[in-house]
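All remarks here apply to the structure that follows.
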Amino acid sequence: MNDGRMAHIGLVTLVVRDYDEAIGFYVRAAGFRLVEDTLLDDKKRWVVLAPPGAGETCLLLALADTDGQRERIGDQTGGRVCLFLMTDDFGRDYDRMRAAGVRFREKPRREPYGTVAVFEDLYGNQWDLIEQA
């Protein structure tokens, strides 16, 4: 990009079984805010969620509508961590998310890059909650 414009990732797609249950989880349990929910046709919606303090990158919920897409719900990255949720206060967000019923797969640990713990979303996708060192 030599024209002086800065590129960034604007949206990351997450395939879901149901828009409303996914919105409920991400807003209630993960603390995201609903940015947009626009009806596109009788089945599809444009649903965008942003983590607290997000500037540019948001989550786009995509309703699975084929067998292949439905098979990938909860395992979009072959069992690896799918997304990384950055925080400026690990303890605050870890405690709040646990109180809201979020399942953490491990206890928090310190790594050279910061404090981290893996959690699952409502479908089983793995996320890292990270406070950078």
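If you place +1 on the Cβ of every Lys and Arg and -1 on the Cβ of every Asp and Glu, how big does the dipole about the Cα centre of the chain come out, in debye to the nearest 20?
360 debye
Add +1 for every Lys or Arg and -1 for every Asp or Glu among the other residues with Cβ under 11 Å from the Cβ of ASP37, and state the total. Write out the running numbers ahead of the final one.
Numbers: positive: ARG45; negative: ASP20, GLU36.
So the surrounding residues net to -1.
Taking the DSSP beta bridges in region 16-87 as the whole, what percent of them are antiparallel, to the nearest 5?
Here the antiparallel bridges make up roughly 90 percent for region 16-87.
Of the accessible area of the chain, with the probe set at 1.4 angstrom, what percent is carbon plus sulfur?
Details: 3980 of 8070 Å².
Here carbon and sulfur together make up 49 percent of the probe-accessible area.
With a sphere of radius 13 Å drawn around the Cβ of CYS58, what net charge do the other residues whose Cβ falls strictly inside it have (Lys, Arg +1; Asp, Glu -1)?
Residues close to CYS58 contribute a combined charge of -2.
Please state the charge dipole magnitude for region 7-46, taken about the Cα centre, from unit charges on C-beta atoms (+1 on K and R, -1 on D and E), reported in debye and rounded to the nearest 20.
140 debye
Step through the residues of region 70-82 one at a time and calculate ³J(HN,Hα) from phi using the Karplus curve (6.51 cos²θ - 1.76 cosθ + 1.60, θ = phi - 60°), rounding each to whole Hz and writing x for Gly and Pro.
Karplus-based 3J(HN,Hα) across region 70-82 equals 4, 5, 8, 4, x, 8, 6, 10, x, x, 8, 4, 8 Hz.
Of (i) 28, 19, 14; (ii) 25, 20, 15; (iii) 38, 25, 12, which is the value of semi-axes √(5λ) of the Cα gyration tensor in Å derived from the coordinates here?
For semi-axes √(5λ) of the Cα gyration tensor in Å, the calculated option is (ii).
Roughly how many Å² is the accessible area per residue of the chain, as a whole number, for a 1.4 Å probe? Walk me through the intermediate numbers first.
Values: 8070 Å² over 133 residues.
Accessible area per residue: 61 Å².
The values are calculated or read from the model by the stated rules, or taken from the named source; none is laboratory data. Bear in mind that the values here come from a model prediction, so they are computed numbers and not experimental data. Methodologically, a virtual Cβ is constructed for each residue, glycine included, from the backbone with ideal geometry; neighbour enumeration extends over all protein chains shown. Quick note on the areas: whole protein, heavy atoms, side chains included, nothing else; ligands and nucleic acids left out. Shrake-Rupley method; radii C 1.70, N 1.55, O 1.52, S 1.80 Å.
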